[in-house]
Each structure stands twice: as structure tokens, then as C-alpha cells.
Amino acid sequence: MNIFRLLGDVSHLLAIIILLLKIWKTRSCAGISGKSQLLFALTYTTRYLDLVTNFVSVYNTFMKVVFLAASYATIWLIYMKFRATYDQNHDTFRIEFLLLPVTILSLVANHEFTLIEILWTWSIYLEAVAILPQLFMVSKTGEAESITSHYLFALGSYRGLYILNWIYRYYMESYYDLIAIFAGILQTVLYCDFFYLYITKVLRGQRLQLPA
Amino acid sequence: ILQSFKHDEL
């Protein structure tokens with residue numbers, strides 16, 4: 001554990017809590033992509049299967065359980081409790097265009113051809129692109145509420161901080177995982193355009209509105 | 001690279 005990873009995890013946790021609280025407090029999931037949240041739930045489910053096979057640390061187990069629970073709670077809020085507020089007409093990204101390449105890539109580029117390892121790899125590749133339906137929704141409606149943009153900023157910062165963690169681990173522990181690094185860089189790059197808008201608009205008190 | 005399943009990150 002180093003400071004970059006800890007900050008990354010905190011940022012990830014913050015993002016998930018911001019989203020849950022936003023939906024709960026406003027009693028609405030308007031502007032939130034249910035598809036992205038489904039992809040994140042799939043990501044955590046396939047990645048954290050090792051919860052039942054091997055123990056890493058109390059911290060590790062605790063965070064995994066929180067991420068899983070929060071993710072399923074979010075799905076429940078969007079698709080069950082506040083279903084009437086779900087903006088289905090704007091959540092039109094075709095996720096099969098993500099699932100197909102992610103599945104093929106995980107079968108081809110993995111560390112070991114075993115079920116648990118392939119599911120881990122699948123989750124890493126899927127996480128990298130899971131935010132696309134959400135970003136697509138923001139670009140389609142041309143705007144995002146500021147609380148939604150805080151969520152996206154925290155979520156994007158998480159993988160960015162993980163990159164610093166990987167650089168640190170490479171030098172300090174001679175540890176590196178090319179699959180995680182490749183997918184993590186892709187994931188962070190996907191947020192770049194959003195980061196630019198967040199810093200130039202939201203932080204200056206303006207609404208996140210895309211140029212027409 | 002990784003011999004068995006031992007990913008320690010989230």
C-alpha cells in the first residue's frame with residue numbers, strides 16, 4: 001500500500017458514495033446511465049470472485065464488499081426504486097459493442113488461461129470502458145448536473161492515481177502488471193475530455209454544458 | 001508474469 005493507491009481507493013469510494021447519495025437525496029436517477037452502472041456491477045462481480053478463494057488483507061476484503069454492496073444498491077435504486085426517473089431514452093449506448101471486444105481480448109490477452117484469471121482480465125478490460133455509456137449520455141443531452149460531474153471526476157481520478165501507484169510499485173517493488181497498466185491508461189484517457197471540461201467549467205461555478 | 005491468482009489491488 002502506498003499513498004497513491006490509498007488516494008485512488010478513497011477517490012473510488014468517494015465516487016460511489018456521491019452517486020448513491022445523489023440518487024437517494026434527490027429521489028431521482030435522472031442523467032445517470034443505468035448501463036454504465038450495470039457494467040460496473042459486472043466488473044466488481046467478476047473481479048472479486050477471489051473474495052471466496054483467497055484472503056489478501058482486511059482492508060482488501062472490506063473494500064471489495066463495500067464496492068459490491070454499493071454497486072448493487074445503485075442498480076437497485078436505478079432499476080427498481082426510482083425506475084420512473086431513469087432516463088432510458090437517453091441511455092442508448094449499445095453495450096454489446098463493448099462486451100464483445102472485451103470478451104475476445106480477455107480470452108486472447110491474459111496472464112493464465114484459467115476461469116478465475118480470465119474473469120479477472122475480463123473485469124479489468126470491462127472497467128476500462130464501462131463509463132462510456134455515461135459519457136455518451138452526457139454528450140447526448142449536452143449537459144450534466146454538477147453532482148454528476150463531481151462523481152465522474154472522482155471516478156476518473158481513481159484510475160489516474162492508480163497509474164501513479166503502478167509507477168511507484170514498478171520502482172519500489174519491481175512489480176508491474178501489464179494488463180492492468182494498459183487498461184488503466186486507456187480508462188484514464190477516456191476521461192481526459194471530461195477532465196478538461198470539469199476544470200474549465202464546473203470548478204469555476206458554471207454548469208457542465210457542452211458546446212452545441 | 002503472475003504464476004497464480006494473487007491480484008492484490010482493487
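The values are calculated or read from the model by the stated rules, or taken from the named source; none is laboratory data. Because the structure is a prediction, the values reported are computed rather than measured. Positions of Cβ are backbone-derived with ideal geometry, glycine not excepted, and every protein chain shown enters the neighbour counts.
Residues that are surrounded by 18 or more Cβ atoms within 10 Å (Cβ to Cβ) and among the β-branched types (Val, Ile, Thr) within the stretch A:111-130 comprise A:Thr121, A:Ile124, A:Val129, listed in sequence order.
Tell me, which residue of the stretch A:24-58 that is among the hydrophobic types (A, V, I, L, M, F, W, C) and free of Cβ contacts under 8 Å to residues at least 24 places away in the same chain is nearest to the other protein chains (Cβ to nearest Cβ)?
If we filter the stretch A:24-58 for residues that are among the hydrophobic types (A, V, I, L, M, F, W, C), which is where we start, we get A:24, A:29-30, A:32, A:38-42, A:49, A:51-52, A:55-56, A:58.
After this cut, where a residue has to be free of Cβ contacts under 8 Å to residues at least 24 places away in the same chain as well, the list is A:51-52, A:55-56, A:58.
Working: A:Leu51: 11, A:Val52: 12, A:Phe55: 11, A:Val56: 5, A:Val58: 13 Å.
Filtering first and then ranking leaves A:Val56.
Scoring A:Asn60 on the criteria (1) within 17 Å of the chain's Cα centre (by Cα); (2) surrounded by 14 or more Cβ atoms within 10 Å (Cβ to Cβ) leaves a single failure, condition (1). Just one of the numbered conditions (1) without any contact (Cβ under 8 Å) to a residue 60 or more places away in the chain; (2) closer than 16 Å to A:Arg5 by Cβ; (3) within 14 Å of chain B (Cβ to nearest Cβ) is not true of A:Glu112; which one? Exception for A:Glu112: condition (2). Residues in the stretch A:118-146 that are over 20 Å from A:Gln88 (Cβ atoms) and modelled with pLDDT of 95 or more: A:Ile118, A:Leu119, A:Trp120, A:Thr121, A:Trp122, A:Ser123, A:Ile124, A:Tyr125, A:Leu126, A:Glu127, A:Ala128, A:Val129.
Here is a check on your reading of the model: is A:Arg47 within 20 Å of A:Ala180 (Cα to Cα) and either buried (at least 20 other Cβ atoms within 10 Å of the Cβ) or within 18 Å of the chain's Cα centre (by Cα) (or both)?
Details: within 20 Å of A:Ala180 (Cα to Cα): yes; either buried (at least 20 other Cβ atoms within 10 Å of the Cβ) or within 18 Å of the chain's Cα centre (by Cα) (or both): yes.
Spelling it out, A:Arg47 is indeed within 20 Å of A:Ala180 (Cα to Cα) and either buried (at least 20 other Cβ atoms within 10 Å of the Cβ) or within 18 Å of the chain's Cα centre (by Cα) (or both).
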